[in-house]
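Engineer: One structure follows; several queries about it will come next.
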Amino acid sequence: MELHDSRTIAASRSEVWDALLSADVLRECVPGCQEMTGTAEDGFDATVVQKVGPVKATFKGKVTLSDMVSGESLKLSGEGKGGAAGFAKGAADVTLSDVPEGTLLTYNVDARVGGKLAQLGGRVVDGFAKKMADQFFQNFQSAVEVEPEAPADEAAAEPEHQAEEATEKKGWLKRVLGG
């Protein structure tokens with residue numbers, strides 16, 4: 001199954017590049033990722049729990065980065081074995097370019113599955129692979145984009161507002177419980 005898409009990320013190209021090389025950021029972004037350790041140079045070991053149709057499995061595998069052109073492009077490749085469920089493997093060619101809004105991240109994904117997963121049928125597996133890729137890159141965009149800081153007066157007013165809400169909720173709960 002192949003997928004092609006792009007996302008505009010409101011961050012500099014160097015920030016996006018650094019995030020692609022970070023185990024912590026990748027762990028946050030891979031749906032179902034329980035653990036990810038390692039480095040961009042040596043590759044990452046990952047544990048991912050996923051449910052595809054009726055099949056739920058824990059995949060243990062490796063993610064490697066190759067064909068790296070600093071700040072411009074790389075290939076993310078992953079392969080995981082899910083015991084009786086089978087295996088999943090895939091690769092994403094990622095390119096970065098500057099746009100007025102920040103960085104344009106373009107990706108081409110190729111994914112394959114085998115074992116029980118392959119028996120689910122192409123439509124189920126293709127839909128799942130598309131959802132996973134979309135979710136990964138959406139999570140990645142959210143993790144990288146810098147959220148604007150609230151002005152000091154708004155930030156100061158926030159705890160007061162929360163305290164009022166808590167008091168209001170407590171009062172409502174007391175009334176319901178007859179207290």
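No lab work stands behind these numbers, since they all come straight from the coordinates. Bear in mind that the values here come from a model prediction, so they are computed numbers and not experimental data. Virtual Cβ from ideal backbone geometry, glycine too; neighbours counted across all protein chains shown.
Engineer: Grab the Cα-Cα distance for residue 28 and residue 112, subtract it from 0.36 nm times how many residues apart they are, and report the gain in nm with one decimal.
Structural biologist: Stretched out fully, the residue 28 to residue 112 stretch lengthens by 28.0 nm.
Engineer: Along Cα→Cβ, 7 Å out, is where each label goes; now give me the distance between the ones at residue 21 and residue 56 in nm to one decimal.
Structural biologist: 3.8
Engineer: Something else about it: Which parts of the stretch 74-89 would a label at residue 119 reach, counting a residue when its backbone N lies under 19 Å from a point 7 Å out along Cα-to-Cβ?
Structural biologist: 81-89
Engineer: Given the Cα-Cα distance of residue 81 and residue 2 and 0.36 nm per residue of separation, how much length would full extension add, in nm?
Structural biologist: 26.4 nm
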